[in-house]
Amino acid sequence: MADLKTYSVWDASVRWFHWINLLCMLGLIAVGVAILNDEALGVTNDGKILLKTVHIWIGYVFALNLTWRLVWAFIGGPYARWRALLPGGRGYLNEVGGYLADFKAGRPRQYLGHNPLGRLAVSLLLLLLLSQAVTGLVLAGTDLFYPPIGAWIAGWVAAPGVDPATLVPYTKEMYDETAYEAMRAFRKPFITVHYYGFYVLLAFALLHILAVVVTELREGGNLISAMFSGKKILSEPPADRAKVD
């Protein structure tokens, strides 16, 4: 029988980020799908504003949670930091090759942090999350005049004599038509990135779940339960112990 050893890996900040991020993504996906299908669902303008308001407030939690995780990558525990997350560095490609060879041979290496492919996947995932957060904040301002840029957008599109603070979404008689069209042109690339990023992130999240399941079955290390307990149980010395100690 293998000699099992328990290691403390994921600190509380990492675990809280993971599960808050998951809940936010589920909420954003559900509300986002409703917004995209508002006509088919018979949603009124008031209903659409309500859906977008809920989407924005969940988005604020999502963005703050992500911001804290990015900060924590500078000051957190050894397995939470950038050097344990980002791909690259001396010998990284050799490490990937060795990991894949051992995986195919049925003797996968065990890691305390992310394995070499996991580091690449997590980096891409963080980049996608950051893209959705930034574009979402811009859309919150251009759609419903919410912070951080909502006041500036309102001042831009308000018709002469209209107090920008009183602007109501979807009330075009309160807008300067030329300024509003210019604002829509400004908004277009952000909504395009946000729209397609939604589908890319959804596909990537599903691949992430599949990869976690496959890795746990092949490598062990109780990946899923470790994100609750913070501890991994390994049957052999971890391949990445020396890299972060």
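Among the residues in region 58-76, are any surrounded by 15 or more Cβ atoms within 10 Å (Cβ to Cβ), over 20 Å from the mean Cα position of the chain (by Cα) and small (G, A, S)? For region 58-76, residues surrounded by 15 or more Cβ atoms within 10 Å (Cβ to Cβ), over 20 Å from the mean Cα position of the chain (by Cα) and small (G, A, S): absent.
Yes/no per residue for (1) surrounded by 13 or more Cβ atoms within 10 Å (Cβ to Cβ); (2) closer than 30 Å to G88 by Cβ:
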residue	(1), (2)
L167	yes, no
E181	no, no
A185	no, no
K188	no, no
Y196	no, yes
A203	no, yes
L217	no, yes
M227	yes, yes
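When each of L100, L117 is tested for being within 19 Å of the chain's Cα centre (by Cα) and at pLDDT 85 or above, the lone residue that passes is L117. Can you name the residue in region 62-94 that is charged (D, E, K, R) and in contact (Cβ under 8 Å) with a residue 60 or more places away in the chain and is also nearest to L223 (Cα to Cα) among such residues? The selected residue is R81.
The values are calculated or read from the model by the stated rules, or taken from the named source; none is laboratory data. It should be emphasised that the depicted structure is a prediction, and the values quoted were computed from it without experimental measurement. So basically every Cβ, Gly included, is an ideal-geometry build from the backbone, and we count neighbours across all protein chains shown.
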